[in-house]
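K.L.:
My structure is below; once you've seen it, I'll send some questions.
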Amino acid sequence: MLSKMKRPGMFCALTLALLISAVISARAQSSPRSPIAPPPTPPPANNKDDHDNDVDFGSRETDARTRLILKAEKKAYEEHVARAKEASDLATELKTSYAASNTFNAADQKKLERLEKLTKRIRNEVGGSEMDADPKDLPNTVSDAVNALPDMAKELYDEVEKTPRRVVSASLIERANRLLAVIQFVRGPRH
């Protein structure tokens, strides 16, 4: 009999426990949820730290770097123009020397070689290459070629002077290639 009594008590205790858990569950579901708290705002920074995080487009370092870059580019351009001027002067000297003796001496050969190197460098600095060389309408005789050298070199110099820095000029490359072809014709097959 005692075991029958224990069963209804256990039943009541179990029922009571389920009822309490159901009430707690229902209350938890019906209670309003608290919103997620926003992250705390950082304390205001002083002015010194605020300037360290900003990008300063007018900083002295940036200005100094920009000026140095522009100065280097200008110097490179002036050297480029000076090479073209030297090439023009060499071509004029070669024409004068050839007119006097109808031949080139060893010093003239060196000038021809220097003229060729200058012209190649001018062509390469404006974006040309040896693959671009296919000039047309070249002189037929050495005398005509030597007489054409100063005019062609002067045209090249004028083109270099009027072409802005960092510009690839097809006209300039073509003039340089024509001048190179004439120089190589004058130098002959020895080079």
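K.L.:
So S97 ticks every box in (1) on the phi > 0 side of the Ramachandran plot; (2) touching an Asp or Glu at 6+ places or on another chain (Cβ under 6 Å) but one. Which box is left unticked?
P.N.:
S97 satisfies all of (1) on the phi > 0 side of the Ramachandran plot; (2) touching an Asp or Glu at 6+ places or on another chain (Cβ under 6 Å) except (1).
K.L.:
Looking at A170, A87, A145 in this structure, which one is within 30 Å of E73 (Cα to Cα) and touching a residue at least 40 places away in the same chain (Cβ under 8 Å)?
P.N.:
A87
K.L.:
Take the residues of segment 159-175 that are among the β-branched types (V, I, T) and not in a helix (DSSP H, G or I): which is modelled with the highest pLDDT?
P.N.:
Filtering segment 159-175 for residues that are among the β-branched types (V, I, T) and not in a helix (DSSP H, G or I), the one modelled with the highest pLDDT comes out as T163.
K.L.:
Could I ask something else about it? Restricting attention to segment 103-158, which residues are assigned to a helix (DSSP H, G or I), of a type in the set (G, A, S) and surrounded by 18 or more Cβ atoms within 10 Å (Cβ to Cβ)?
P.N.:
Listed by number, the residues that qualify are A145, A148, A153.
K.L.:
Continuing with the same structure: For the list (1) surrounded by fewer than 17 Cβ atoms within 10 Å (Cβ to Cβ); (2) at pLDDT 90 or above; (3) of a type outside the set (G, A, S); (4) farther than 14 Å from K95 by Cα, I need the number of the one condition that R178 fails.
P.N.:
With respect to (1) surrounded by fewer than 17 Cβ atoms within 10 Å (Cβ to Cβ); (2) at pLDDT 90 or above; (3) of a type outside the set (G, A, S); (4) farther than 14 Å from K95 by Cα, R178 is out only on (1).
The values are calculated or read from the model by the stated rules, or taken from the named source; none is laboratory data. This one's a predicted model, so the numbers in the text were calculated from it and none came from an experiment. Positions of Cβ are backbone-derived with ideal geometry, glycine not excepted, and every protein chain shown enters the neighbour counts.
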